[in-house]
1. For the range 190-349, what relative contact order do you get, as a whole percent, if you take Cα pairs closer than 8 Å and at least 6 residues apart?
2. Can you list the residues, at least 5 places off or on another chain, whose amide H is less than 5 Å from the amide H of Cys103, using H built in the peptide plane?
3. Place a point 7 Å from the Cα of Glu302 along the Cα-to-Cβ direction; which residues of the range 255-284 have their backbone N under 15 Å from it?
4. Looking at the P(r) of the chain, how many percent of alpha-carbon pairs lie beyond 31 Å?
5. To the nearest Å, what is the center-to-center distance of the range 1-40 and the range 279-309, using C-alpha atoms only?
6. At a threshold of 8 angstrom on Cα-Cα distance, excluding pairs fewer than six apart, so keeping six or more, what relative contact order does the range 1-107 reach in percent?
7. What are the lysines whose alpha-carbon lies under 22 Å from the alpha-carbon of Lys197, with same-chain residues fewer than 8 places away excluded?
8. Can you tell me the alpha carbon radius of gyration of the range 190-349 divided by the globular rule-of-thumb value 2.2 N^0.38 Å?
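We did not get these values from a lab; they are worked out from the coordinates using the rules stated. None of the values given here were measured: they were computed from a predicted structure. Cβ atoms come from the backbone with ideal geometry, glycine included; neighbour counts cover every protein chain shown.
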Amino acid sequence: MLDFRAPLDNSLIIGGAKLLLPEILRVRMADAEIKVIGDGVDRFKELAGKRTVLCPNHSNRHDPEVMLALSSMVKEDFNFIAAREVFDWNHGLNGWFLQRMGCYSVVRGAVDRESFKTTKRLLVEGKKKLVLFPEGEISKQNDVLLPLESGVAQLGFMALDELQKIKPDEPLFILPIAIKYTYKGDLTHYLPELLQKIESHLGIKCDTADTIYQRVRNAAQVVLKTLEDEYNLHPKPETSLDERINGLKSQALKIIAEYLDVDLPADGRHLEWVRILRNTMDDYIYADHDSLPPYQRQIHEEKSEKIRGFYKDLDRVVNFIAIYDGYLAPPISQERMLSVLELIEIEVFGNAKIKGPRLILIDIGNPIDLLSVFSEYKKHKRTVIEKICLEISSQLISRLCEIDRQRTPVYVN
């Protein structure tokens, strides 16, 4: 298993990052602006000094920067939990910086005891609030929530159980936080150009008489058919689009599972399968094999290289895990249309750029007091954990809807 990376909070580096935040928003995030709607900042400050797990939705790779901006607005520093693999990016420089920003690692979907112990310790100490993205993966969808991992509630109750030994009356809160990425201007004029680029790469003859929606659907159909051929799938003509999408996800994951000799739970969701396979792959690739004789080490490296190729398949499944037939049913906001086009761009070109300056809106939810249900939790742990996860999910969805109600979206004709 990947080794644990502990938080090494450095006030100078944290302060420097906050000072550089305007430049980060301008350069790295294409001149983004971040705003907390309503009286969110004041309501957040009501939890000052209180042990709190902050639970934002995770739709974008820039969510950590958004939470850093929030920490600056409320004048508090946060600790963060981040997936273990991101600490190795840029030859470990990413991890060096993250640790000094107060981040520590977790192996997603696994029993990561060191990470759990650190979470309990930080929450019991109560010096900083803790940011944990309960979806576990970046959804890449601005207004769709992936199924939440139960770990956020479990970790909260584990810490509260420890806290009871020294301060039995001290509460511990979970605070849902909705983040929505919107564009400042009307970008619908950009859609035909982007679509033409995608169509050209897919070999589609552009019919300008078609609506934007129809052209996007045509492009998605070509991508789907190409991937079905790649994964040796031959659906019947009457198979619905949703069935084809789900069949493709299942096939991609089952091919990896067969190679790794992993039994996937028959009743598991695709996201659960992704987590199981990712952990198995990480365990093999990052296993300590330096002590092996040269030949055995060579064989391990050859297999590791083949396994690394499966990360692309996992990312492909996650990218399209929230997509379903009818996702682009009218009225279609430009954000939703562009999010789908960006997924197609990533699949076709390998990356997607930010399309224009964004206004990133934050809505602060209502704190969930774990102490108030702790006695019930002791009797019915699974039921209470499910109840807390449902409350987090419900608040995030309702807050994302509330953000939309307070703005005037631009719709695609």
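1. For the range 190-349, the relative contact order is 25 percent.
2. Distant-sequence amide H within range of Cys103: Leu8, Phe80.
3. No residues fall inside that zone.
4. Tail of P(r) above 31 Å: 44 percent of Cα pairs.
5. 35 Å
6. Computed over the range 1-107, the figure is 48 percent.
7. Of all the lysines, those that pass the test against Lys197 - Cα under 22 Å, at least 8 places apart if same chain - are Lys140, Lys205, Lys225, Lys353, Lys355.
8. Computed over Cα atoms of the range 190-349, the ratio equals 1.25.
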